């Protein structure tokens with residue numbers, strides 16, 4: 001007879017749907033510095049600690065958390081590496097300072113995921129099309145006169161730099177897109193748009209630098225930007241969004257696999273924003 005009672009085996013196990021039995025492993029104890037990191041992170045995310053505020057000194061933290069100074073320093077090192085705080089070693093006026101949000105961590109994460117082949121350049125281009133198409137739609141229907149003037153000025157600087165200075169041209173291009181994203185009046189769209197654009201550009205900038213006719217690329221880019229700008233002037237959100245998405249494809253499509261490129265063309269043509 002088979003007993004219904006558990007066996008004397010002290011290691012628990014679970015039966016998976018396919019009949020395999022996998023043993024659990026002992027739970028790992030949370031290290032002291034991880035507990036400190038979690039508590040300080042939670043305080044920042046709740047808003048109890050704001051950018052510019054100082055944490056207590058290392059000495060005070062050792063007393064408050066009842067740990068060694070080495071443990072406190074390890075926790076601060078982790079928090080600093082994640083961009084949440086900035087340590088102020090030797091400053092007698094206080095401890096680490098809570099930092100403003102920076103998109104650098106997101107930029108690094110997206111770049112690393114591409115290099116680790118968790119997704120590819122086509123995925124990034126599609127993501128940028130979604131983000132920038134939405135931002136351009138909102139910018140077209142909701143921009144201020146001052147924002148439109150900044151777009152106009154950036155486009156003029158792009159035109160003036162053609163055939164003369166590629167760095168100036170690129171800087172004006174960044175300013176144009178940044179202002180469009182800002183005019184969308186969404187901080188999240190602005191940050192993700194800036195990050196997506198930066199990651200895509202950095203991944204293939206060497207290919208553009210090796211282009212045989214850089215001046216022609218600059219002229220073509222200016223023409224496409226002018227069409228987007230005209231739709232924004234007219235406050236035609238759908239047209240501006242569609243042109244912005246096709247602008248991205250025209251610019252980066254040469255570096256994408258043909259089958260994926262056709263999918264993205266179809267997406268741009270039938271996008272709800274388009």
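The values are calculated or read from the model by the stated rules, or taken from the named source; none is laboratory data. Everything numeric here is computed off the predicted structure, so don't read it as measured data. All Cβ positions, even for glycine, are placed from backbone atoms using ideal geometry, and neighbour counts span all protein chains on display.
So the values come out like this:
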| item | result |
| --- | --- |
| Residues of segment 45-67 that turn out to be touching a residue at least 12 places away in the same chain (Cβ under 8 Å) and within 19 Å of residue 88 (Cα to Cα), as a count | 12 |
| Residue count, segment 127-148 (criterion: within 27 Å of residue 262 (Cα to Cα) and surrounded by fewer than 22 Cβ atoms within 10 Å (Cβ to Cβ)) | 3 |
| Condition broken by residue 190, with the remaining ones in (1) at pLDDT 90 or above; (2) closer than 17 Å to residue 150 by Cα satisfied | (1) |
| Residue tally, condition within 23 Å of residue 204 (Cα to Cα) and assigned to a helix (DSSP H, G or I), over segment 229-265 | 21 |
| Count - residues of segment 58-84 that are over 31 Å from the mean Cα position of the chain (by Cα) and outside any helix (DSSP H, G or I) | 3 |
